[in-house]
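In what follows, a structure is listed as structure tokens, so that the remarks can point back to it.
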Amino acid sequence: MRCLIHPLLRKLNLPPQHVPGRGTPSKGAVLSPKHLFLRRSCSAGPGLVTATDMVSYWQKVFETNGIPEAQESSQYIVSFVLGAKTFQSLDSKSLHTPLTALQQEQIQQLSHKRLQRMPVQYVLGEWDFQDLTLKMRPPVFIPRPETEGRVIAMDKEEAAVDLTRENAHRLHLQERIHIIHQDVSHSSAKQLLLWGPVDVIVSNPPYVFHEDMASLDAEILRYEDLDALDGGDDGMRAIKTILALAPSLLKVSGSVFLEVDPRHPGMVEHWLQAHPDLLLTLRAIHKDFCGKPRFLHIQKQSS
């Protein structure tokens, strides 16, 4: 094996023509795995490759290939291989201790998945949600921190139901959650009623406008369940069903919390006003981390 000259390449043992910014493919082109394979240099050895080196290198590769959140992606992957939740939680020794050949190979394999636009949560196979660590597999939705709390869980997709059961058993919560494999409909409401009126309904329903489906990010189009995203022409097909069922499922003053498209708050309010018999009122609109109105609090009134 020939010795490499560039200092960073000597650490990573990568051909110079594939250093990001130096003869790499144009943005959007995925680098060939054989060119990114991390081999041991004849002069440097694996001792010069640290966690910091790896994050720096893969961040540049991700940026070159147009991968969103390039720095965060590389940090999560490297910290995961090192047994940490976040890169920031690694101490100085962990950051600068030489990586083993096995660790380098694991980082490489996970990074190639990210290059295929697989979301980091699926790449790692797990994700923290509040104080729980949940297993993640496509096409099951990735939990967001804005929506939490369930006693009865319902989904029409078998993959989502199976993974929910698996996570419940792993976390010893199987006695506290009832999982129903069925679509949300008037017939399924009868099953829910067997568990009595509920205090809260929380849903992340299909809400994407059908015309917007083709423009979704590659991470979503390739790995998530598109049927669980398409909300029909106005994005409100499932939302209307949930709201129509809510009065029969909720206790008086019970609440519905929905994740929606930023265009939906006004549409939902208008729809509720057109259906006063439902006795539902839009109480609050909450913004997401980007400042967009994405979460609705709807409350059942007393008759």
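The values are calculated or read from the model by the stated rules, or taken from the named source; none is laboratory data. Please read these numbers as outputs of a predicted model, since none were measured by experiment. Ligands, DNA and RNA are stripped out before the accessible areas are found, and what is left, the full protein with its side chains, is counted by its heavy atoms. Shrake-Rupley method; radii C 1.70, N 1.55, O 1.52, S 1.80 Å.
Listed values, structure above:
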read-out	value
Euclidean distance between Cα centres, the range 77-130 to the range 207-249, Å	32 Å
Accessible area (Å², 1.4 Å probe, nearest 10) - R170	100 Å²
Ranked order, E219, E158 - accessible area, probe 1.4 Å, largest first	E158, E219
Extension gain (nm, one decimal) between V200 and K85, 0.36 nm per residue minus Cα-Cα	38.3 nm
Accessible-area value, S56, 1.4 Å probe, nucleic acids and ligands omitted, Å²	50 Å²
Where Y122, Y207 fall by accessible area, highest first, once all protein chains stay in place (1.4 Å)	Y207, Y122
Solvent exposure ordering (accessible area, 1.4 Å, most first) of S73, S203	S203, S73
